[in-house]
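Input: a single structure, listed below in structure tokens.
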Amino acid sequence: MTVKRSRMDRTLMQRLGFALMSLVAMLTIIPILAVIVYIVSKGAPAISWEFLSGFPHDGMRAGGILPAIVGTLYLTLGTAVFSVPLGIAAAIYLSEYARENWLTRAIRIAIINLAGIPSVVYGLFGLGLFVLFLKFGTSILAASLTLSIMTLPVIISASEEALRAVPQSFRTVSIALGGTRWQTIRRIVLPQALPGILTGVILGLERAAGETAPILFTGAAFFLPQLPHSPLDATMALPYHLFVISTQVPEMPIQIQYGTALVLLAFVLLMNVTATVIRSRARARRQW
Amino acid sequence: MDKKNSWQEFVIPRLIRASGYSAIVFVALIFYFLLREGLPALAEVKLGELLSQRWYPIEAHFGILPLITGSLIVTLGAMLVAIPFGIGTAVFLSEIAPRWLREVLKPLVELLGGLPSVMLGFLGILVLSPFLRIFLNLPTGLTALAGSLLLGGIAVPTVVSIAEDALDAVPMSYREGAWALGATRWQTIWRVTLPAARSGVLTALMLGVGRTIGETMTVMMVTGNAPVMAIALDSILHPVRTMTATIAAEMGEVATGSTHYHVLFFIGMLLFLISLVVNVLASSVVFRSKKRAERVLS
Amino acid sequence: MDKIVIEHLNLQYSDGTESLRDINLSIPAHAVSVLFGPAGGGKSSLLRCLNRLNDLTEVKVASGRILLDGENILDPKTDVIALRRRVGMVFARPVVLPMSMRQNLTYALELAGEKRRSRLEEAVERGLKLAALWDEVKDRLDEPAIALSGGQQQRLCLARVLAQQPEVILLDEPTSGLDPISTAKVEAALQELKKEYTLVLVPHSVQQAARTADFAAFFLQGELVEWAPGKEIFTHPQQQRTEDYVEGRFG
């Protein structure tokens, strides 16, 4: 009698427990979808060719957001130029050359540290070093350099993981056939790790594109009458623009705010989806 | 080997090695600049003043305690959200959901982690805080609560991703052993799998805390920006100011080299140190438990 | 004449424990020399010293010399890249590189800087014919190598080594994952190859050792117990320990 009852209790507990967990998960997932749907529905009416290709008028309250879009593209590009080669090279070092000693341990702690520094502290650092000390001024250059250092740990971690996933046996065979370590990396390890590295790079740049605090004092401008000409110019940027129009501009039309948010969201989603697609296609095509 | 090859063989490994060391260089640089511009604050403002409860730079009151309590209460609130939802979702994805559902939901959770904080702050202003104001009958919805809810949402993907990896890493044999002894799947999760993944889950939570303390834009947009001491129980329903929001909001208006400027850098230095401690702690948990596991298995 | 001479070789693991003690061995050219014995005897470690692949592992040479055509390959000044082109290796599990079969075969030559299409094509055909794989794959050389069966992959690995015309071929349990037919094909190939090359084999069973060996060395717990022509060591071993192992009294 007692055994049967306790089994029913346990099954009941399991059913309740699983239901609770499913509820929790749904409560986490549904808001994500809701956010996307909400922004799309509220922002879509504002999207037009003029909006995407025109300049703002009337103190941001009308017109388009082209300079912000272009500015974000420039910043993302600038970040890529500095952080991608450096990050991949550092990952190659950690995965293929470094031995497990105190120095390697220190490098890893440094990377963990860089990953955890608040974005506004990066802004302060960028201000101190690039804007003031190196006298680049409030510029695309200063902002890109700041964003690059912030993006570095993401790229290094993802790249190192991708490199380590390549089977050790490939390296052994390559060396046994008379290859040097660099030849092995260049011809086998790096090409095989490339999809994983690419995914990490895209996700890192996605974050950089959406960040506001690091560019607040290093490169972002509220309003510029023209597009930037050189890396030493300041620039408008989508996340900063959204921040300004939703908090600093009185009587700002809601529609334009949502439109800007939608463009930013689209940017981020595009990169996210690209990264996911690359990852799953690579998994299917793997030759090991 | 031709000449071009041996040039490559000489230069490239050295460049790679130099890149490897770069992380250390950058951390040192960041620390140096924060110190350089932040330490003068200690000389210009008396320590007692710095630790006082009044933050009003216009009248040269630089008490940072309200900012610290502001950060703390928002972080605490955020973790109260992130822990149950983060671990619950991780458990669901790793142990309960069927394969296909997991493949669909995981990228969605990752997507949340990629959403710009300014966008969530934006929605916070337009949607969440009016809702809180009406629903909880408050004078304003721009409160620590709004910040905690949003920050909890931002921390959840970090917690889910790492906790889920940790649960995934628990060997199947642990679960199979428990089932063979007659435990239900539910019992197994809570009594076997989760404890086995303990260190990874702890790491996930600590990294979630790190992410939360460091958030800037969202809190700046929804917490009301009132630098008051947030130590009463109902403080969460009041506006507060975090350390990060203070820097972001005021840095644009200070004169370079002024006392206010130095104090803001000082706060930045504090944030750097806090995140250093949290993140190094989180990673050492992983290192230590790996070593323990090696000892047990050898 | 002897292709490889090993003098007073002592190997150690990184924590100081001994792997091989005072090994003295001469490996003749144009023959199959077999290193056999129970697991942990140090045979694979010794094999890896012959192409300096032990540089990648935890095993260090404490003392001794290994002479290839009279020159000590353990000397720090040795060009290990050139060495590994002269002394090739086939591993226990077939490791095909994640490329086409053709690219697998030309890989080593391209590493060395060979760019001429004609030379590369020659090497592909040569290697595959010597490994007795040419007829089976000649029409699909541009397909991924991973599409081959286990036995074919292993022969591809052999062909890969042969494509760069080495002098010595080391084989570390080359047939351990293969079915009897593939195993027989590999063993037959070895008999053909010994006419041109020097072969050093670590077999995965005593029976394989007995089938293939022209000369055989018995290793037990880091020591070289006995070294004799194949015909003698398996039928009339000199040492009691060798006889016990060959007879299957332990293993």
Loop GluC sites (Glu not before Pro), the stretch C:33-119, which have at most 11 other Cβ atoms in a 10 Å radius of their Cβ (DSSP)
C:58
Given all pairs of different Cα atoms, what value in angstroms does the Kirkwood hydrodynamic radius of the stretch A:43-189 take?
18.5 Å
Which of the helices in chain B, when you take each full DSSP H run, stretch at least 27 Å along the axis at their Cα atoms and have an average Kyte-Doolittle score of 0.5 or higher?
B:3-38, B:65-91, B:144-169, B:259-297
If you take every residue apart from residue B:67 with its C-beta less than 12 Å away from the C-beta of residue B:67, what net charge results, scoring Lys and Arg +1 and Asp and Glu -1?
+1
Whole-angstrom Cα spans of the protein assembly as shown along principal axes, big to small:
101, 83, 57
Given 15 as the ceiling on other Cβ atoms within 10 Å, longest exposed-site-free region of chain B for trypsin sites (Lys or Arg not before Pro) in DSSP loops:
B:55-298
Choice from A:196, A:17, A:87 with maximal GNM fluctuation in chain A (Cα, 10 Å cutoff)
A:17
Towards the positive end of the charge dipole of the protein assembly as shown, with charges on Cβ (+1 Lys, Arg; -1 Asp, Glu), say which of B:224, A:32, B:67 has the farthest Cα.
A:32
Given the rule -39500 (n - 2.57) for each run of at least 4 DSSP H residues, summed and divided by the residues of chain A, what is its mean residue ellipticity at 222 nm, to the nearest 500 deg cm²/dmol?
-23500 deg cm²/dmol
May I ask you to list the trypsin sites (Lys or Arg not before Pro) in the stretch C:131-186 that are in a DSSP loop and have at most 15 other Cβ atoms within 10 Å of their Cβ?
C:138, C:140
Could you check the spin-label model distance between residue A:285 and residue A:40? Points 7 Å from the Cα along Cα→Cβ, value in nm.
2.8 nm
Roughly how many debye, to the nearest 20, is the charge dipole of the stretch C:2-246 about its Cα centre, given +1 on each Lys and Arg Cβ, -1 on each Asp and Glu Cβ, and no other charges?
620 debye
Nearest 0.05, what FRET efficiency do residue A:19 and residue B:253 give at R0 = 51 Å with Cβ-Cβ as r?
0.45
Measuring from label point to label point, each 7 Å out along Cα→Cβ, what is the residue C:244 to residue C:86 span in nm?
4.0 nm
Using the beta-carbon distance between residue A:57 and residue A:106 and R0 = 60 Å, what value does 1/(1 + (r/R0)^6) give for FRET efficiency, to the nearest 0.05?
0.65
Largest first and in whole Å, give the semi-axes of chain A's equivalent ellipsoid, each being the square root of 5 times a Cα gyration tensor eigenvalue.
38, 33, 18
Loop-located trypsin sites (Lys or Arg not before Pro) in the stretch C:57-95, at most 10 other Cβ atoms within 10 Å (DSSP)
C:77
With chain C treated as a Gaussian network of Cα nodes joined by springs under 10 Å, which of C:66, C:81, C:169 yields the largest mean-square fluctuation?
C:81
Hey, which of these cross-link pairs are over 28 Å Cα-Cα: C:138/C:194; C:43/C:185; C:60/C:194; A:42/B:106; C:115/C:185; C:194/C:231?
C:60/C:194; C:115/C:185
Quote to one decimal, in nm, the extra length available between residue C:75 and residue C:116 on full extension: 0.36 nm per residue of separation minus the C-alpha distance between them.
11.4 nm
Per residue, how big is the convex hull of the stretch C:65-157 when only Cα atoms are used? Give it in Å³.
124 Å³
The farthest towards the positive end of the charge dipole of chain A, of the residues A:106, A:147, A:259, given +1 on Cβ of Lys and Arg and -1 on Cβ of Asp and Glu, is A:106
For chain B, what is the charge dipole size about the Cα centre, in debye to the nearest 20, if Lys and Arg each add +1 at the Cβ and Asp and Glu each add -1 at the Cβ?
920 debye
Largest first and to the nearest Å, give the Cα extent of the stretch A:113-198 along each principal axis.
53, 23, 19
Using only the C-alpha atoms of the stretch B:140-251, find the volume of their convex hull and express it per residue in Å³.
119 Å³
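Take the eigenvalues of the Cα gyration tensor for the stretch B:89-184, scale each by 5, and report the square roots as semi-axes in whole Å, largest first. Spell out each step's value before the answer.
Values: eigenvalues 272, 47, 22 Å².
One finds semi-axes of 37, 15, 11 Å for the stretch B:89-184.
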What percentages make up the Cα-Cα pair-distance distribution of the stretch C:1-87 when the bins are 10 Å wide from 0?
16, 53, 28, 2
Using square roots of five times the C-alpha gyration tensor eigenvalues, list the equivalent-ellipsoid semi-axes of the stretch A:1-98 in whole Å, biggest first.
50, 31, 7
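How big is the dipole moment of the stretch B:1-81 about its Cα centre under a simple scheme where the beta carbon of each Lys and Arg is +1, that of each Asp and Glu is -1, and everything else is neutral? Debye, nearest 20, please.
360 debye
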Of A:111, A:69, A:140, the most mobile residue in a GNM of chain A (C-alpha springs, cutoff 10 Å) is A:111
Extent along principal axes [Cα atoms of the stretch C:2-246; Å; largest to smallest]:
53, 41, 31
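What range in chain A is the longest one free of trypsin sites (Lys or Arg not before Pro) that are in a loop by DSSP and have at most 15 other Cβ atoms within 10 angstrom?
Excluding the exposed sites themselves, the longest stretch runs over A:136-285.
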For residue A:47 and residue C:21, extending 7 Å from Cα along the Cα-Cβ vector and measuring point to point gives, in nm, a value of 7.7 nm
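We did not get these values from a lab; they are worked out from the coordinates using the rules stated. Predicted model, so just to flag it, every value in this text is computed and none were measured. Cβ atoms come from the backbone with ideal geometry, glycine included; neighbour counts cover every protein chain shown.
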